[in-house]
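The values are calculated or read from the model by the stated rules, or taken from the named source; none is laboratory data. It should be emphasised that the depicted structure is a prediction, and the values quoted were computed from it without experimental measurement. Here Cβ is always computed from backbone atoms with ideal geometry, including for glycine, and neighbour counts include all displayed protein chains.
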Amino acid sequence: MSNKQDQDAPTTSKPAEKLETLAEKLKAGKLDLKVEEVEERISPSETNVFDK
Amino acid sequence: MIQKSAAFPISLIFPPQGHFTQPYLALPCLKAWLEQHGFGDVALVDASIEAYDHFLSPDELSWAAERVAEKLPLDKFGESGELRFDELEGYRAAAESAVSASALIAGIDEAKRIVRGEDFYEPDAYLPAMRSIYHGLRLFSAAHFPSQLTPHNFTMRLANDRSEEVLAATLNEDENPFIRFFRERVLPGLIERKPRLVGLSVIYGSQLIPALTLGRMIKAALPDCHITAGGGFLAYIGKKLLAAPGVDACLDSLIFHEGEAPMLALANALQAGESLSTIGSLDWYDRSSGSAVRVENPQGHPIRLEDAPTPSFDGLPFEKYFSPEVVIPYDINRGCYYGECAFCTLPTVIGPGYRTRSAKKIVDHVMELSEKLGTRNVNFITDCMPPGMIADLPNELIERKANLRWWCDARVEPKAYTPEGARNLHAAGCRKLLFGFETATPRLLKLMKKGQSARATLDVARNCTDAGISVTFYAMVGFPSETREEARATLDFIRSNSDVVREVSLQTFHIDEVAQTYKDAEAFGIEILDDEHADLQLYHDYVSESGMTQTEAAEMFEEMMAAFREQLPLFSGDNIYYFMNKSHYFLHLARDVSPDEFVELCRRRTERRSTEQAVERGLAPATDLGLTTLPFRYTDVVRALAHPLARAVRPDFLTGRYVEDLIPRAGAEIGSIRPAESALAYSANGAEYTELSIDGKQVLDALSEVGSLDLLLDSLAGADERGRADLNRFAARLERAGVLSRTH
């Protein structure tokens, strides 16, 4: 996984601590797991099959 | 054939940007005509497909990614604490490049391979590949920010209805990607070939800046070469263009309307060293006095279409078009036999008169081309097929066992498209017809002078559908005086007949100078707004006495498209790429997949992507995953940029919606984006921009650390069933988006 920006970020907690925090949030139903995919809106310039 | 001196090489060039799925027809017609009349050395160059193919290569995308990182550093946005409207496009480009450049560079060759090969016919391969191609163009465009090259358009920040700005664009290498492309990829071949005459085909507004850019560069490199241009778009604005100061540095002459006769006369005159003053339909610069003096010749006569030879596609790079099979364009007639529609501008583009070829000649030509090019797919180019031909052409195709598959535009002719007539068309290989429906409102149809009713259109469409022919409707929103309610009635009409109408080509109405709506504006209850600074103006803003404003029509366009995406399977989710890419849907029909079967294919894909899948427990982050934290939410930015006002700030010859100095107004109405941290993910396999919360990113990080989903679930001691279910759902969605993939 490439993550250039985050590679430069200081490490704030160890993996075990991170997992513990995640587990706690998951248990409390407070883990925000929303996923958004972007549906591209179609511009009028793309709907003219006559021209393009 | 009379063989003239071989020492008169001619190059016919199709400048960027045209669609990348199939070749265009005009230049092959001209090549064949010139060859028939003795010019044996005529080369075709499709600089548009060459540019797309070159730009969408690993080397060019790597170059673009480096340039974007320098030009649009992500951390420079939002320094005021909020992301201003005028920063949105740059921020979006920077965010996308940061997260997707690596995957796009690695995956672009595979995406092109898929759309050019047998995998094209597999939706789960084709659709991500098409998304990669679109995203690759966004990355390449970002390197020339704010210019945008898409599969459908090319726009720059410079207004393309002002000659001063158009000419400035031809010299702006920072933002005009074609300067470097022409210098490195087109000019060397021309310098070696030394053509005496170059013809540039400018069909679309999106080609204007690239064509003038190329013309300028050829003139500088080959001062003795005559450079002419012609094509549909120049038929609109050509006179204005030649009158603009500075254009003589890019062109020597301009051909209006049909090119065969003027081009041949021009070649003959140049070869003989004669004056150009007798060539019909040619405007040119007389440089004999030392300066360029514009001369307008009288209009010439069009050719007898029946005399035109089979178009010659020799020399075009068929392997480079983004389609698995060639679709041959072929014109069965020129002009429109009806010619009354109030919004139509085609008579101006095509020139006077209506001419057709005989069915026998058409079939002679397309059978010859089919054999030569190794394809049975044909796109008949016609503004509307005349009623007689609707019977003659299929009969000839059937009688001669042509075994072709074809599609074309058509006018509603109830007496021709009877159930029997439609069955005959299908038997002759017709697989898709596109009808000008426009609106369901009788009052507007009358005002448009369409000469048809919505009911008759539907009857014709039903006959074609029943015969197995796919039907597309052209529809229009925002015709002068149309109300929101009337637009919604059109929407309801189409929605309630979605078993008959497979696709809708919806356009916002715009006024250009050659239509009746412009010439007789009062009759349509509108006041035309002129822009005195726009010396190349074609489209005009207007104020309507009643009905929707232009902005309201643009909003209604969004509402209608959203409804079509809900209702029409071909428009749902990413299936819409089939519609947007010219012959791509047709190519399935050409393999005798029925429209119903294709609709089912689209439905199944939409369902697969919207229902919860069983989670593969060995899931882990995709090996090529790009993941970047963002200070402003990507989806907020994309939604803001989809606002009609945000679209109108960009000069766009295709839609006519460009409002100068709109940025402050759009900024005030759309507002700024507040900071909210998120993470953006992208992988080559999914080819989707997927936004997660910071929590979601931490889960992804944890998944990377422990190795797979089942190991993560094991590690999350104490997670109850609900928590596990939440995590499974999250993983399923990410798998669908390609963010997670199976580890074995």
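Points worth noting:
- If you go through segment B:461-470 and keep only what is touching a residue at least 60 places away in the same chain (Cβ under 8 Å) and within 26 Å of residue B:559 (Cα to Cα), you end up with just B:470.
- Test: residue B:557 is within 12 Å of another protein chain (Cβ to nearest Cβ) and in contact with a Gly (Cβ under 8 Å, 6 or more places away or on another chain): yes
- If you go through segment B:620-633 and keep only what is within 7 Å of chain A (Cβ to nearest Cβ) and either outside any loop (DSSP other than H, G, I, E, B) or modelled with pLDDT under 85 (or both), you end up with B:621, B:626, B:627, B:628, B:629.
- The condition of being buried (at least 20 other Cβ atoms within 10 Å of the Cβ) and either under 30 Å from residue B:257 (Cβ atoms) or of a type in the set (A, V, I, L, M) (or both) holds for residue B:536.
- Selection from segment B:563-580 of residues that are facing chain A (nearest Cβ under 9 Å) and farther than 16 Å from residue B:507 by Cβ: B:565, B:573, B:574
Residue-wise test of (1) in contact (Cβ under 8 Å) with a residue 60 or more places away in the chain; (2) under 27 Å from residue B:650 (Cα atoms); (3) under 25 Å from the mean Cα position of the chain (by Cα); (4) within 14 Å of another protein chain (Cβ to nearest Cβ).
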| residue | (1), (2), (3), (4) |
| --- | --- |
| B:481 | yes, yes, no, no |
| B:506 | no, yes, yes, yes |
| B:545 | yes, yes, no, no |
| B:548 | yes, yes, no, no |
| B:553 | yes, yes, yes, yes |
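- Any chance residue B:725 is part of a helix (DSSP H, G or I), without any contact (Cβ under 8 Å) to a residue 12 or more places away in the chain and among the hydrophobic types (A, V, I, L, M, F, W, C): yes
- Residue within segment B:310-317 that is assigned to a helix (DSSP H, G or I) and under 23 Å from residue B:48 (Cβ atoms) present: no
- Residue in segment B:528-540 that is closer than 20 Å to residue B:439 by Cα and not in a loop (DSSP other than H, G, I, E, B) present: no
- Residues in segment B:705-722 that are modelled with pLDDT of 80 or more and not in a helix (DSSP H, G or I) were compared, and the one that is farthest from the other protein chains (Cβ to nearest Cβ) is B:708.
- Residue B:735 vs. criteria under 27 Å from residue B:137 (Cα atoms), more than 10 Å from chain A (Cβ to nearest Cβ) and acidic (Asp, Glu): yes
- Residue within segment B:263-274 that is in contact with a Lys or Arg (Cβ under 8 Å, 6 or more places away or on another chain), away from chain A (no Cβ under 14 Å) and more than 27 Å from residue B:355 (Cβ to Cβ) present: yes
- The residues of segment B:94-113 that are farther than 19 Å from residue B:68 by Cβ and either surrounded by 23 or more Cβ atoms within 10 Å (Cβ to Cβ) or among the basic types (Lys, Arg) (or both), listed by number, are B:111, B:112, B:113.
- Applying a threshold of 6 Å to beta carbon distances and a minimum spacing of six or more residues, or different chains, the list of pairs starting in segment B:28-39 at a residue that is surrounded by 18 or more Cβ atoms within 10 Å (Cβ to Cβ) and ending at one that is in a helix (DSSP H, G or I) and of a type in the set (Asp, Glu) reads B:33/B:260.
- Any chance residue B:487 is farther than 21 Å from residue B:410 by Cα, in the same structural domain as residue B:564 (by TED's automatic domain parsing) and buried (at least 23 other Cβ atoms within 10 Å of the Cβ): yes
- Any hit, segment B:147-158, residues being surrounded by fewer than 22 Cβ atoms within 10 Å (Cβ to Cβ), touching an Asp or Glu at 6+ places or on another chain (Cβ under 6 Å) and not in a helix (DSSP H, G or I): yes
- Number of residues in segment B:19-51 that are within 24 Å of residue B:268 (Cα to Cα) and not charged (D, E, K, R) equals 18.
- Some residue of segment B:134-143 being outside the structural domain of residue B:22 (by TED's automatic domain parsing), modelled with pLDDT of 95 or more and not in a helix (DSSP H, G or I): yes
- Flag for residue B:281 being at pLDDT 95 or above, among the hydroxyl-bearing types (Ser, Thr, Tyr), out of contact with any Leu (no Cβ under 6 Å at 6 or more places or on another chain) and buried (at least 22 other Cβ atoms within 10 Å of the Cβ): yes
- Residue within segment B:680-698 that is among the hydroxyl-bearing types (Ser, Thr, Tyr), closer than 30 Å to residue B:78 by Cα, facing chain A (nearest Cβ under 9 Å) and in a loop (DSSP other than H, G, I, E, B) present: yes
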